[in-house]
1. Take the stretch 163-206 and flag every residue that is among the charged types (D, E, K, R) and either surrounded by 13 or more Cβ atoms within 10 Å (Cβ to Cβ) or in contact with a helix residue (DSSP H, G or I) (Cβ under 9 Å, 6 or more places away or on another chain) (or both).
2. Of the residues A76, A8, which single one is buried (at least 20 other Cβ atoms within 10 Å of the Cβ) and either modelled with pLDDT of 80 or more or within 22 Å of the chain's Cα centre (by Cα) (or both)?
3. Surrounded by 13 or more Cβ atoms within 10 Å (Cβ to Cβ) and under 15 Å from the mean Cα position of the chain (by Cα): is that true of S24 in this structure?
4. In this structure, is F185 among the hydrophobic types (A, V, I, L, M, F, W, C), at negative phi and touching a residue at least 24 places away in the same chain (Cβ under 8 Å)?
5. Mind counting the residues in the stretch 35-55 that are over 13 Å from S187 (Cβ atoms) and modelled with pLDDT under 85?
6. Among the residues of the stretch 142-176, how many are farther than 25 Å from T247 by Cα and in contact (Cβ under 8 Å) with a residue 40 or more places away in the chain?
7. For residues that are within 16 Å of I59 (Cα to Cα) and free of Cβ contacts under 8 Å to residues at least 60 places away in the same chain, scanning just the stretch 106-126, find the one that is farthest from the chain's Cα centre (by Cα).
8. Six or more apart or on different chains, Cβ atoms under 8 Å: show the pairs whose first residue is in the stretch 38-54 and of a type in the set (A, V, I, L, M) and whose second is at pLDDT 75 or above.
Amino acid sequence: MNLHGIRAIYLFEMARMKRTVMQSVLSPVISTCLYFVVFGSAIGSRMGDINSISYGAYIIPGLVMLTLLMQSISNAAFGIYMPRFSGTIYEVLSAPVSYLEVVVGYVGAAATKSTILGLIILITARFFVDYAILHPLWMLSFLVLTSVTFSLFGFIIGIWADGFEKLQIVPMMIVTPLVFLGGTFYSIDMLPEVWQTISLFNPVVYLISGFRWAFYGVSDVHVGISVAMTLVFLAICVGIVSWIFRTGYRLRT
């Protein structure tokens, strides 16, 4: 494996984070802080506990997951789209690096940025809400696994998109509604039975549920199912990326 090639792509993408700190770090952190203020402090103080957990603390895993998913997709999609847009993708494809190394470089950088951002938000949440992490290693594992999975998904979107508008369609029109309806601000056990069943078809439910279990030991679905569903989605993304490079879809034209 060409580690020098992976390192070059990885460091180039990480350097972009330093150049756009306001957009890539401060903006999502400030947005999430507003959620903490409104839902955690203002509304949460007037709501009862959920599963013996204060409302402000209960929504923390969901809010972190919301930011994590959006930023993972955005970072990876933009990272691969810009070389396609500017034409420098051909230099990458002609370099002595394999397709696997290209994916590891771009996706690894996007996942790293998202993981760092998730940890920053967790630290920031301490200023607004008291919370505990019952299983810190599991929490970190879910954080990294979700970042990698949705960075791969974002990588696919960045190759599929043929304009800046399409980069935003999937995150805004599909992912965001799924996150808000996936138990970010509530437990699906609070819903009528028919809507509980419908919610189980939302893949984000399993992500948020597993992540919340790592914090408080409570979840809407079994943690094993959450891990399995995440790995299945990861496998699907890996398969699609493999097909893209094997066929040259939107890379060679």
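1. K166, D189
2. When all the criteria are applied, what remains is A76.
3. Numbers: surrounded by 13 or more Cβ atoms within 10 Å (Cβ to Cβ): yes; under 15 Å from the mean Cα position of the chain (by Cα): yes.
When the stated conditions are applied, S24 passes them.
4. So F185 passes the test.
5. Of the stretch 35-55, the ones over 13 Å from S187 (Cβ atoms) are 35-46, 54.
Next cut, modelled with pLDDT under 85 only: 35-46.
Summing the residues that are over 13 Å from S187 (Cβ atoms) and modelled with pLDDT under 85 in the stretch 35-55 gives 12.
6. Going through the stretch 142-176 one residue at a time, the tally reaches 8.
7. Checked the stretch 106-126; the qualifying residue farthest from the chain's Cα centre (by Cα) is R126.
8. Hits for this filter: I43/Y55; M47/Y55; I50/Y58; I50/Y186; I50/S187; I50/M190; I53/Y216; I53/V218.
The values are calculated or read from the model by the stated rules, or taken from the named source; none is laboratory data. Owing to the predicted nature of the structure, the values given are computational and were not obtained by experimental measurement. Cβ: placed from backbone, ideal geometry, glycine included. Neighbour counts: every protein chain shown.
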